[in-house]
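J.: A single structure is presented below for examination.
The values are calculated or read from the model by the stated rules, or taken from the named source; none is laboratory data. Values in this document were obtained by computation on a predicted structure and should not be read as measured data. So basically every Cβ, Gly included, is an ideal-geometry build from the backbone, and we count neighbours across all protein chains shown. Remember, those area values only see protein heavy atoms, side chains included, never the ligands or the DNA or RNA. Shrake-Rupley method; radii C 1.70, N 1.55, O 1.52, S 1.80 Å.
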Amino acid sequence: MPTSLHLLAVAPPQLLPARELMAFTLASHIILVPLGVAFPFITLVMHYRGLRRKDATALLLARRWSAVMAVQFALGIVTGTVLSFEFGLLWPGLMGRWGDVFGVGFGVEAWAFFLEAVLIAIYLYGWRRLKPRTHFLLGLPLPFAALLGAFGILAANSWMNTPQGFSLDSEGDPVDVNVWKAIFTPMFGPQYWHFVVAMVLTAGFMVSGVYAVGWLRGRRDHYHRLGFAVPFTIAAIAAPVQFVLGDSIARSVFHKQPVKFAAMEIVWNTDTRVPEYLFGRLQEDGTVKGGLKIPLLDSVLAGFKADTKVVGLTSVPADQRPTATQATIAHWAFDIMVLIGSVLVLLALWYGLVWLRRRRLPASPWFYRSAACAGVGSVVAVECGWIATEVGRQPWIVYQNMRVAEAVTSTRSTSLWIMFGVVVVVYVFLFGSFLVVLLKMRTRWRLADARRATADTHPESDSPYGPRPSPTAGDVPAVGPGADRHGGDGP
């Protein structure tokens, strides 16, 4: 019997539905995470630009984005709470034995959620009621609260990849917990900064993609130019930084989790002068079928020289490493992530070169078609990054300390499959409702813009989210020459 089928046959029946349920909820939640982590920062950049340049259109965009941010955050709380409950419901073995060691990360994330909710409420409330500078200053803690939430989650995940900060007693239970060592593990720094920059990049491309579609439909006024340029510029700056950080974290995995690295690169035997496979499928006998083979490249990428030794999957027993199928999944996810990241860097370079040479936005329709796809592509890259991280660690839920099968619930598999079906239905409803709300907001804003354009009124007047309609001198900047009227197509 092939190794993959043998391991599947001896696994508890609850394992498959529990993993599928966790994977679905995590994959759904992570679509919202870039907006939750980085959208407040992008909104405040636009807000600052509006105040600094006395640009009422920038303030209008910041105000509308803050409304979208609030709706997205509400949905993110629901999906994030479901994930928190699933850790206890689906993986009681993990939380029961190891919760005292790494659970502080979830506590930090919960406090960050609470703080971010309060700050978003104040920011949203303050548009009509606070002086603009006071309002902006009260919004400044928002990105830091979002980063704190990411800190908690990444601390927990990096601990699961490189666990430390504890000793084991005679029964194998953790004792003498050192919280600081449990938080700041060898993989925490590389994972955290790689994740944060990925969120900034993804959010920037997602937001700018909306206005790229507007540009392709002929809406090329100041509103759409600004709505595209600010988030895209932020994403374009982040793209090459992320490429460097991605290379750094891959090298950290090579040193700290060599078997996971072997799975991501489908390396079967430990050797030097190891070739790199672009895609391809690892077989049960260790051969690779399909894909593009590049001699020596894997060793060169891992250690900057062809003689670098790369640990293979066979360096550990079969029950302590990913199966051939799991390794192939991790490898494809990793290659897709790198491919998309490389394309996004090229898109950022295109944008930067045009700006440096001509001091204007690109005019090519193909650039805006690519920019419209960049948001979706960056989300796919984030999903693939998590797949490579989690699947490549198999069969361990706590690397080299606890297997996934040891942590799974004893609940009947039938009940878990029913729960999975219910969650899918609920999530379809939630995300469908989220889309409907965004479309209704867009329609309302377009109608409001059309009325203002007809009445030739101030672009910030009579808005439920705008600055106070009767400001005092020095509170709200006057409409500058760049504040054109617009027919907004997006948020």
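J.: Quickly run through the stretch 149-172 and pick out the residues that are in contact with a Lys or Arg (Cβ under 7 Å, 6 or more places away or on another chain), surrounded by 17 or more Cβ atoms within 10 Å (Cβ to Cβ) and not in a helix (DSSP H, G or I).
T.: Scanning the stretch 149-172 gives THR162, GLY165.
J.: Could you grab me the full set of residues in the stretch 173-204 that are more than 23 Å from the chain's Cα centre (by Cα), in a loop (DSSP other than H, G, I, E, B) and in contact (Cβ under 8 Å) with a residue 24 or more places away in the chain?
T.: ASP173, VAL177
J.: Then there's this: Pick from VAL101, VAL68: which is more than 24 Å from the chain's Cα centre (by Cα), part of a helix (DSSP H, G or I) and buried (at least 19 other Cβ atoms within 10 Å of the Cβ)? Give the derivation first.
T.: Values: VAL68 fails: more than 24 Å from the chain's Cα centre (by Cα).
Testing whether each residue is more than 24 Å from the chain's Cα centre (by Cα), part of a helix (DSSP H, G or I) and buried (at least 19 other Cβ atoms within 10 Å of the Cβ) leaves just VAL101.
J.: Do the conditions hold for ALA110, that is, is it in a helix (DSSP H, G or I), at pLDDT 85 or above and closer than 24 Å to VAL423 by Cβ?
T.: So ALA110 fails the test.
J.: Another one. Part of a helix (DSSP H, G or I) and touching a Pro at 6+ places or on another chain (Cβ under 8 Å), is that true of ALA348?
T.: yes
J.: Quick test for you: out of ALA229, ALA235, ALA239, ALA198, pick the one residue that is touching a Phe, Trp or Tyr at 6+ places or on another chain (Cβ under 8 Å) and not aromatic (Phe, Trp, Tyr).
T.: Testing whether each residue is touching a Phe, Trp or Tyr at 6+ places or on another chain (Cβ under 8 Å) and not aromatic (Phe, Trp, Tyr) leaves just ALA235.
J.: Same structure, new question: From VAL288, VAL311, VAL316, VAL338, which residue is within 17 Å of PHE261 (Cα to Cα) and free of Cβ contacts under 8 Å to residues at least 24 places away in the same chain?
T.: Values: VAL311 fails: free of Cβ contacts under 8 Å to residues at least 24 places away in the same chain; VAL316 fails: free of Cβ contacts under 8 Å to residues at least 24 places away in the same chain; VAL338 fails: free of Cβ contacts under 8 Å to residues at least 24 places away in the same chain.
Every option except VAL288 fails the conditions.
J.: Output the residues belonging to the stretch 263-301 that are buried (at least 21 other Cβ atoms within 10 Å of the Cβ), touching a Gly at 6+ places or on another chain (Cβ under 6 Å) and not hydrophobic (A, V, I, L, M, F, W, C).
T.: TYR277
J.: Need the failing condition index for ILE237 against (1) in a helix (DSSP H, G or I); (2) buried (at least 18 other Cβ atoms within 10 Å of the Cβ), just the number.
T.: (2)
J.: A further question follows. Output the residues belonging to the stretch 12-43 that are more than 19 Å from the chain's Cα centre (by Cα) and open to solvent by 10 Å² or more (accessible area, probe 1.4 Å).
T.: PRO12, PRO13, GLN14, LEU15, LEU16, ARG19, GLU20
J.: Exactly one condition in (1) under 20 Å from the mean Cα position of the chain (by Cα); (2) closer than 30 Å to LEU168 by Cβ is not met by LEU94; state its number.
T.: Looking at each condition in turn, LEU94 falls short on (1).
J.: Counting only residues that are open to solvent by 10 Å² or more (accessible area, probe 1.4 Å) and among the small types (Gly, Ala, Ser), which one in the stretch 210-234 is farthest from the chain's Cα centre (by Cα)?
T.: The extreme case among them is GLY218.
J.: Only one of (1) closer than 20 Å to LEU438 by Cα; (2) at pLDDT 90 or above; (3) not polar (S, T, N, Q) is not met by ARG49, so which one is it?
T.: Going through the list (1) closer than 20 Å to LEU438 by Cα; (2) at pLDDT 90 or above; (3) not polar (S, T, N, Q), ARG49 breaks only (1).
J.: Out of (1) crowded, with 22+ Cβ neighbours inside 10 Å; (2) assigned to a helix (DSSP H, G or I); (3) not polar (S, T, N, Q), the odd one out for PRO322 is which?
T.: Single failed check for PRO322: (2).
J.: Now for a separate question. When ASP247 is evaluated against the numbered criteria (1) of a type outside the set (Gly, Ala, Ser); (2) in contact with a His (Cβ under 9 Å, 6 or more places away or on another chain); (3) open to solvent by 50 Å² or more (accessible area, probe 1.4 Å), which criterion, by number, is the only one it fails?
T.: Result: ASP247 fails condition (2) only.
J.: Related question: Scan the stretch 127-148 for residues that are open to solvent by 10 Å² or more (accessible area, probe 1.4 Å) and within 16 Å of HIS194 (Cα to Cα) and jot them down.
T.: Across the stretch 127-148, the qualifying residues are LEU147, LEU148.
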